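Novice: Next up is a structure, given as structure tokens.
Each reported figure results from applying straightforward, stated rules to the coordinates on display, with no laboratory input. Everything numeric in this text was worked out from a predicted model, so none of it was measured. Cβ sites come from the backbone with ideal geometry, for glycine too, and all protein chains shown count toward neighbours.
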Amino acid sequence: QVRLVESGGGLVQPGGSLRLSCAASGISNRFYLMGWYRQAPGNQRDMVATITGGGVANYADSVKGRFTISRDNAKKSVYLQMNSLKPEDTAVYYCNLRIGIDYWGKGTLVTVSS
């Protein structure tokens, strides 16, 4: 059974940085898409960034130039480095793994506030 565990959320001031981590277990190959999604109160869950097994990344327009996604296939992990954070980045961030179907972590809260 695939399991995703996120870490790294918290409270940060506008302009600050955070790094999210997600570790996957229960999967035996690297040919899957991993990514980060976020959901703010009252909003739908939106894609933030995704990365293929070969390292090709895709970003939402709202985070381009500020966020960087990376992965370590040996550790079955994906990371999201978030810089120049804005209040509108406040949301619960979910790790996603897609291999035919979607698997989700439980989410980690990121709050950007002064």
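Novice: Anything in segment 1-28 that is closer than 11 Å to Tyr93 by Cα and in contact with a Gly (Cβ under 7 Å, 6 or more places away or on another chain)? List them, or say none.
Specialist: Within segment 1-28, Glu6, Leu20, Ser21, Cys22 qualify.
Novice: Of all residues in segment 1-54, how many are aromatic (Phe, Trp, Tyr) and in contact with a Lys or Arg (Cβ under 7 Å, 6 or more places away or on another chain)? If you could, list the steps in order and put the result at the bottom.
Specialist: Initially, segment 1-54 is screened for residues aromatic (Phe, Trp, Tyr), giving 31-32, 36-37.
In the following step, the residues that additionally are in contact with a Lys or Arg (Cβ under 7 Å, 6 or more places away or on another chain) were identified as 32, 37.
Here the count works out to 2.
Novice: Let me ask something else. Please verify whether Gly35 is touching a residue at least 40 places away in the same chain (Cβ under 8 Å), touching a Leu at 6+ places or on another chain (Cβ under 6 Å), of a type outside the set (A, V, I, L, M) and under 12 Å from Leu4 (Cβ atoms), treating the condition exactly as stated. Working first, answer last.
Specialist: Values: touching a residue at least 40 places away in the same chain (Cβ under 8 Å): yes; touching a Leu at 6+ places or on another chain (Cβ under 6 Å): no; of a type outside the set (A, V, I, L, M): yes; under 12 Å from Leu4 (Cβ atoms): yes.
Considered against the rule, which asks whether it is touching a residue at least 40 places away in the same chain (Cβ under 8 Å), touching a Leu at 6+ places or on another chain (Cβ under 6 Å), of a type outside the set (A, V, I, L, M) and under 12 Å from Leu4 (Cβ atoms), Gly35 comes out as no.
Novice: Still on this structure, I have one more. I need the full set of residues from segment 79-100 which are part of a strand (DSSP E or B) and either in contact with a Lys or Arg (Cβ under 8 Å, 6 or more places away or on another chain) or more than 20 Å from Leu33 (Cβ to Cβ) (or both), in order please. Write out each step before concluding.
Specialist: Keep residues of segment 79-100 that are part of a strand (DSSP E or B), which gives 79-82, 91-99.
The answer is Tyr79, Leu80, Gln81, Met82, Ala91, Val92, Tyr93, Tyr94.
Novice: Of everything in segment 78-104 that's more than 23 Å from Gly16 (Cβ to Cβ) and not acidic (Asp, Glu), which residue is nearest to the chain's Cα centre (by Cα)?
Specialist: Within segment 78-104, the subset more than 23 Å from Gly16 (Cβ to Cβ) is 96-104.
After this cut, where a residue has to be not acidic (Asp, Glu) as well, the list is 96-101, 103-104.
Numbers: Asn96: 7, Leu97: 10, Arg98: 13, Ile99: 16, Gly100: 19, Ile101: 17, Tyr103: 13, Trp104: 11 Å.
The qualifying residue nearest to the chain's Cα centre (by Cα) is Asn96.
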